[in-house]
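The values are calculated or read from the model by the stated rules, or taken from the named source; none is laboratory data. Predicted model only: the values in this text are computed from it and were never measured. Note that we place each Cβ from the backbone using ideal geometry, even for glycine, and neighbour counts take in every protein chain shown. These accessible areas exclude ligands, DNA and RNA; they are computed on the full protein's heavy atoms, side chains included. Shrake-Rupley method; radii C 1.70, N 1.55, O 1.52, S 1.80 Å.
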Amino acid sequence: MPVASKPVGSKSADLKPTDSKPIEEARNDYLGRTLAKPMSHLGASWLIRPERDEEESTSESFIQLKLAPGMTVCDLGCGNGYWTLPMARAVGKDGKVLAVDIQREMLHKLRERSGRLKLPQIKPVLGEIDDPKLPTGEVDLLLMVDVYHEFSHPESMLWGIRRSLAPEGVVALLEYREEDPAVPIKPLHKMSKSQIIKEYEANGLKLVREYNDLPWQHLMFFARDDSPLEQIEPVAFK
């Protein structure tokens with residue numbers, strides 16, 4: 001069930017203990033979209049391929065996250081840590097990076113990489129397919145890179161994600177553009193802006209920022225629908 005709308009401007013008090021998690025079975029489709037299957041840990045090397053920044057402008061995406069020392073952030077679907085490690089450096093020793101994945105093997109690879117770099121602010125979290133296992137109301141920024149479209153329980157996950165956000169916290173969503181046939185990714189692993197907004201608004205989230213100059217991906221920022229952050233209208237893809 002979608003999260004009910006709440007009055008704009010209220011603070012953490014709107015996250016009531018009585019707000020119940022959706023009862024949801026694994027899905028094959030959601031709101032008109034066919035769901036993709038998750039990438040196996042066996043493909044983890046593709047995540048850290050040397051040409052990734054050149055292809056996707058990941059360094060530009062990272063700048064747009066606007067991370068700062070002391071923030072509590074989450075890399076949801078962290079894999080082997082391509083984004084987790086620079087996020088940890090950005091938030092510093094006084095910050096925290098909740099690195100969530102549902103595959104133990106991915107978290108093992110992350111621990112191997114982060115252990116060599118001595119980044120104790122990284123906190124690996126073994127999530128579940130319907131629960132990101134995040135604290136309530138603490139996350140300043142939650143990053144999902146090309147992973148949301150693979151969720152088998154999208155309502156349950158968005159419920160947990162929404163609850164994890166601080167009042168002015170945001171979800172930073174990167175997804176390959178469905179509108180662009182030139183993006184060399186299988187169609188099931190792409191999403192359109194309109195579909196993203198349909199699913200996020202149905203689950204109590206609103207668009208508050210976007211960045212439209214990446215070569216392959218949409219970068220969209222969502223806040224809780226009761227956040228003081230102002231909702232914006234998306235720019236149509238051309």
(message) Quick check on this structure: which one of ALA68, ALA90 is more than 12 Å from LEU143 (Cβ to Cβ) and of a type outside the set (Ser, Thr, Tyr)?
(response) ALA68
(request) Just need a number here: residues in the stretch 82-124 that are crowded, with 17+ Cβ neighbours inside 10 Å and part of a strand (DSSP E or B). (result) 8
(message) Can you tell me which residue is least open to solvent (accessible area, probe 1.4 Å) among those in the stretch 194-221 that are of a type in the set (Lys, Arg) and within 15 Å of the chain's Cα centre (by Cα)?
(response) LYS206
(message) Under 7 Å between Cβ atoms, which residue pairs at least 6 apart in sequence (or on different chains) link something in the stretch 210-238 that is without any contact (Cβ under 8 Å) to a residue 40 or more places away in the chain with a partner that is open to solvent by less than 60 Å² (accessible area, probe 1.4 Å) and in a loop (DSSP other than H, G, I, E, B)?
(response) GLU210/PRO234
(request) Would you please name the residue that is most open to solvent (accessible area, probe 1.4 Å), looking only at residues in the stretch 222-236 that are within 18 Å of LYS66 (Cβ to Cβ) and assigned to a loop (DSSP other than H, G, I, E, B)? (result) GLU230
(message) Would you confirm whether or not the stretch 155-178 contains a residue that is assigned to a loop (DSSP other than H, G, I, E, B) and at pLDDT 95 or above?
(response) yes
(request) Just give me the residues in the stretch 6-39 being loosely packed, with under 13 Cβ neighbours inside 10 Å and modelled with pLDDT of 75 or more, in sequence order. (result) SER20, ILE23, GLU25, ALA26, ASN28, ASP29, LEU31, GLY32, THR34, LYS37
